[in-house]
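In what follows, a structure is listed as structure tokens, so that the remarks can point back to it.
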Amino acid sequence: MQLETFRYDNKIVRLFTIATAFWAVVGMIVGLLIALQLLIPELSFGLPYTTYGRLRPLHTNAVIFAFVGNGIFMGIYYSLQRLTKARMFSDLLSKLHFWGWQLIIVLAAVTLVAGITSSKEYAELEWPIDILIAVVWVIFGINLIGTLIKRRERHMYVAIWFYLATIVTVAVLHIVNSIEIPVNLFKSYSVYAGVQDALVQWWYGHNAVAFFLTTPYLGLMYYFLPKAAERPVYSYRLSIIHFWSLIFLYIWAGPHHLLYSALPDWAQSLGTVFSLMLIAPSWGGMINGLLTLRGAWDKVRESPVLKFMVVAVTAYGMSTFEGPMLSLKNLNALTHFTDWIIGHVHVGALGWNGFLTFGILYWLVPKLWNTELYSKKLANFHFWTGFIGIVFYASSMYWGGLTQSLMWKQFTPEGTLQYPNFLETVLQILPMYVLRAFGGFLFIVGLCVMVFNLIKTAKQGEFVPEEEVQAPALPKAEKAEKKNHYWLESKPVQFTILAVVAILIGGIVEIIPTFVIKSNIPTIASVKPYTPLELQGRDLYIREGCYTCHSQLVRPFRSETERYGEYSKAGEYVYDHPFLWGSKRTGPDLHRVGKKYPNVWHYHHMNDPRTMSPGSIMPPYPWLAENALDISTTSDKISALRTVGVPYPEGFENVANDLLAKQANEIAQDLQRAGVPIDSDRELIAMIAYLQRLGTDIKANKAAAR
């Protein structure tokens, strides 16, 4: 059989390798900064660009899409060429993919700190960047599928299955969740409202974890773990069951983020049931990974690469057991909105994604530079500092989250809340925040040691830009193969189509009924659209990232209705584009805060929170009282919202600013009577108008305490 000579492209792998290490450091440092800001609010430096509310989405995007994203592409571009015995389809597309992705990351960093955000978790970027993401993802997809078409290996190895599922599913999730109506270049409104928006967002949010942080990394595990261990994967049959059951079941689990919310109960129940079923395929993957190392545990003790990988796979198993457990309603009632969820997320992010990436880097860099790792001692030091850092981080958040929840729910023998002041619960867990920051610091120390080690490794070797290899052309398919999964592995197009069908079923069954069956989202006659001033205030609330610390969802628990007021109804959110239910209560819920305090209280609270709430860890927002409100966008915002179904009358945009000015004058005059000299055209006036509106559309029970 005649051999063909060709070259693997290592240059694109090197680019993604460097980007992975660089963005890991950047993303983790931002994470440490916001962890410290919860202890020392002054670390916001009095600037609008460095508050927790703006930096928190920067941290999540930097870790998920910059660090993990580049790690995914690094591993795929290296492994795919070798699994297909073919150079990437197009060097030009590879470069466009790399530089396009880095451009997206830079644009994300600039816009998020500037307060340009859609507020949707893990999807905060505004519409022009969303379009760029779709374009770059298509470039990546074409390059990957084109490589499969010209492959010299007939059967697609299991890693490629996960790569294909990632390509198609992320595209579907991103496009569906990012449908929005632009107001201008920097602002848009989601076409979905309230409950529907929440369902679509967490269908996206949960499956961004599934198909960006999990499936591609499972593909990398299936390639790099056997390579590092020099052993075959434990079970081919288990990998088939693992793959198809995982991608089918995962897509249904999103509603478990919305338990006890205004989402219809049937959707919540579906999310719970499928979350529990996810344990089986998830642990199937973990078992397949760990048992690949059977008989090689002496090698694990000697190899820092395998140490990282073993902990990574174990962390994957822990996270994928804990997630389904947290979807049980009784446990969800205890942990949701608390720091327990933060601990859960970081076991996955730091343990699974972080440690597997580090293991791949330690294995890959010596290969690319044709040398040995500079220092195994430094790699082992990194392993232990990173591992201990994760332990400090996760254990402190678990303990803090449990403390929060029990304090929120505790009643006295007389039947009143034992800790009515939310701030009491915050102050109680500050020591846990110290331990969390220490754990994050240890993790970053190890990360910096890794970067030094890899740089020294590269300097002592010589980079191999193109690796020359030989392989025979793709052989013809044999008819006998057509009876089993082995046949499907030789048909990338058919395989991809089946994967798309598998991931679409769950999304269609869950999402479509909330749009076509009106009884799922009952309306409330007293709920009206926001006034122009309230609308501008809501957009300022989003700009400042207030949703990162405050929820707007009162669950039907006595502890919450006593603390906040009447539980939240689906019909209250029908004009909310986007929804702002939140996912973490660092501060109290705000859905019933309207008219609870006088305007002057909000003024002082926003300018210096500690004057109203001694010991508060909220940063001050003095610029809101200094900045003039931009009302040039009011008309366009009204028109855009009318397009997505908010019943503003025709022509309302022409008088909107007059109504805005009238309401602003009333608030300013009330503040002036209270001794606060402020002009009516300040941003803070709009923020106060929005806060005073929250929860006032229906008659709510008076909250028991502040």
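The values are calculated or read from the model by the stated rules, or taken from the named source; none is laboratory data. In this text, all values refer to a predicted model and were calculated from it rather than measured experimentally. As a convention, Cβ positions derive from the backbone with ideal geometry for all residues, glycine included, and neighbour counts pool all protein chains shown.
Among residues belonging to region 154-184 that are assigned to a loop (DSSP other than H, G, I, E, B) and in contact (Cβ under 8 Å) with a residue 24 or more places away in the chain, point out the one that is nearest to the chain's Cα centre (by Cα).
Initially, region 154-184 is screened for residues assigned to a loop (DSSP other than H, G, I, E, B), giving 154-157, 178-179.
Then drop every residue that is not in contact (Cβ under 8 Å) with a residue 24 or more places away in the chain, which leaves 154-157, 178.
Working: Arg154: 36, His155: 34, Met156: 30, Tyr157: 29, Ser178: 14 Å.
Ranking the candidates gives Ser178 first.
Identify, please: which residue in region 368-425 is among the aliphatic types (A, V, I, L, M) and within 26 Å of the chain's Cα centre (by Cα) and is, among those, farthest from Lys456 (Cα to Cα)? Explain how you work it out, then say what you get.
Let us first name the residues in region 368-425 that are among the aliphatic types (A, V, I, L, M), namely 368, 373, 378-379, 388, 390-391, 394, 397, 402, 406-407, 417, 423.
From what is left, the residues that are within 26 Å of the chain's Cα centre (by Cα) are 388, 390-391, 394, 397, 402.
Numbers: Ile388: 25, Ile390: 26, Val391: 29, Ala394: 32, Met397: 36, Leu402: 44 Å.
Per the criteria, the residue is Leu402.
Across region 576-597, what is the total count of residues that are over 27 Å from Asp339 (Cβ atoms) and either in contact with a Leu (Cβ under 8 Å, 6 or more places away or on another chain) or not in a loop (DSSP other than H, G, I, E, B) (or both)? Full working, then the answer.
Step one: list which residues in region 576-597 are over 27 Å from Asp339 (Cβ atoms), which gives 577, 594-595.
With the extra rule that they be either in contact with a Leu (Cβ under 8 Å, 6 or more places away or on another chain) or not in a loop (DSSP other than H, G, I, E, B) (or both), the set shrinks to 577, 594.
The total comes to 2.
Filter region 495-527 for residues that are exposed (fewer than 12 other Cβ atoms within 10 Å of the Cβ) and closer than 24 Å to Leu80 by Cβ and give the result.
Once the filter is applied, which keeps residues that are exposed (fewer than 12 other Cβ atoms within 10 Å of the Cβ) and closer than 24 Å to Leu80 by Cβ, region 495-527 yields only Val501.
Of everything in region 490-509, what is assigned to a helix (DSSP H, G or I) and not β-branched (Val, Ile, Thr)? Give them in sequence order. Before you say what the answer is, go through the steps one by one.
Of all residues in region 490-509, those assigned to a helix (DSSP H, G or I) come to 492-509.
Residues satisfying the conditions are Pro492, Gln494, Phe495, Leu498, Ala499, Ala502, Leu504, Gly506, Gly507.
Return the residues of region 510-545 that are part of a loop (DSSP other than H, G, I, E, B) and free of Cβ contacts under 8 Å to residues at least 24 places away in the same chain; say none if nothing qualifies.
Restricting attention to region 510-545, the residues satisfying the condition of being part of a loop (DSSP other than H, G, I, E, B) are 517, 521-531, 544-545.
Those that are part of a loop (DSSP other than H, G, I, E, B) and free of Cβ contacts under 8 Å to residues at least 24 places away in the same chain: Ile517, Ala525.
How many residues are closer than 24 Å to Leu326 by Cβ and buried (at least 21 other Cβ atoms within 10 Å of the Cβ) if we restrict to region 551-572? Walk me through how you get there before you give the answer.
Restricting attention to region 551-572, the residues satisfying the condition of being closer than 24 Å to Leu326 by Cβ are 551-561, 563-564, 567-568, 570.
Pick out the ones that are also buried (at least 21 other Cβ atoms within 10 Å of the Cβ) and you get 551-554, 560, 563-564, 568.
The number of residues fulfilling the criteria is 8.
Look at Phe308 and say whether it is within 21 Å of the chain's Cα centre (by Cα) and at pLDDT 95 or above.
No: the conditions fail for Phe308.
I'm checking my understanding of the structure. Among residues of region 242-269 that are farther than 20 Å from Glu322 by Cβ and of a type in the set (A, V, I, L, M, F, W, C), which one is surrounded by the fewest Cβ atoms within 10 Å (Cβ to Cβ)?
My answer is Trp266.
Does Tyr217 fit the bill of being buried (at least 24 other Cβ atoms within 10 Å of the Cβ) and not in a helix (DSSP H, G or I)?
Working: buried (at least 24 other Cβ atoms within 10 Å of the Cβ): yes; not in a helix (DSSP H, G or I): no.
The answer is no for Tyr217.
Okay, residues lined up against (1) without any contact (Cβ under 8 Å) to a residue 24 or more places away in the chain; (2) under 15 Å from the mean Cα position of the chain (by Cα); (3) in a loop (DSSP other than H, G, I, E, B):
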position	(1), (2), (3)
Ile12	no, no, no
Phe22	yes, no, no
Ala35	no, no, no
Ala66	no, yes, no
Tyr77	no, no, no
Ser119	no, yes, yes
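Looking at region 298-309, is at least one residue in a helix (DSSP H, G or I), outside the structural domain of Lys569 (by TED's automatic domain parsing) and among the polar types (S, T, N, Q)? Before the answer, list the steps.
Keep residues of region 298-309 that are in a helix (DSSP H, G or I), which gives 298-302, 304-309.
Retained after the next criterion (residues that are outside the structural domain of Lys569 (by TED's automatic domain parsing)): 298-302, 304-309.
This time we only want the ones that are among the polar types (S, T, N, Q), so: none.
No, that holds for no residue.
Being within 29 Å of the chain's Cα centre (by Cα) and modelled with pLDDT of 95 or more is the requirement here; does Tyr541 meet it?
yes
In the set Leu92, Leu83, Leu107, which member is free of Cβ contacts under 8 Å to residues at least 12 places away in the same chain, out of contact with any Ser or Thr (no Cβ under 8 Å at 6 or more places or on another chain) and in a helix (DSSP H, G or I)?
Answer to the check: Leu92.
Any residue that is over 26 Å from the mean Cα position of the chain (by Cα) and free of Cβ contacts under 8 Å to residues at least 40 places away in the same chain - is there at least one of those in region 232-245? Break it down into steps so the answer makes sense when it comes.
Step one: list which residues in region 232-245 are over 26 Å from the mean Cα position of the chain (by Cα), which gives 232-241.
Filter once more, so that each one left must be free of Cβ contacts under 8 Å to residues at least 40 places away in the same chain: 237.
Taking every residue of region 232-245 in turn, at least one turns out to be over 26 Å from the mean Cα position of the chain (by Cα) and free of Cβ contacts under 8 Å to residues at least 40 places away in the same chain.
Answer yes or no as to whether Thr548 is crowded, with 21+ Cβ neighbours inside 10 Å, among the β-branched types (Val, Ile, Thr), touching a residue at least 60 places away in the same chain (Cβ under 8 Å) and in the same structural domain as Lys584 (by TED's automatic domain parsing).
Working: crowded, with 21+ Cβ neighbours inside 10 Å: yes; among the β-branched types (Val, Ile, Thr): yes; touching a residue at least 60 places away in the same chain (Cβ under 8 Å): yes; in the same structural domain as Lys584 (by TED's automatic domain parsing): yes.
So Thr548 fits the description; yes.
Among the residues of region 235-256, are any charged (D, E, K, R) and farther than 27 Å from Thr338 by Cα? Quick ask: steps written out before the conclusion?
Taking region 235-256 and keeping what is charged (D, E, K, R), we get 237.
Keeping just the survivors that are farther than 27 Å from Thr338 by Cα gives 237.
Within region 235-256 (the criterion being charged (D, E, K, R) and farther than 27 Å from Thr338 by Cα), the answer is yes, since at least one residue qualifies.
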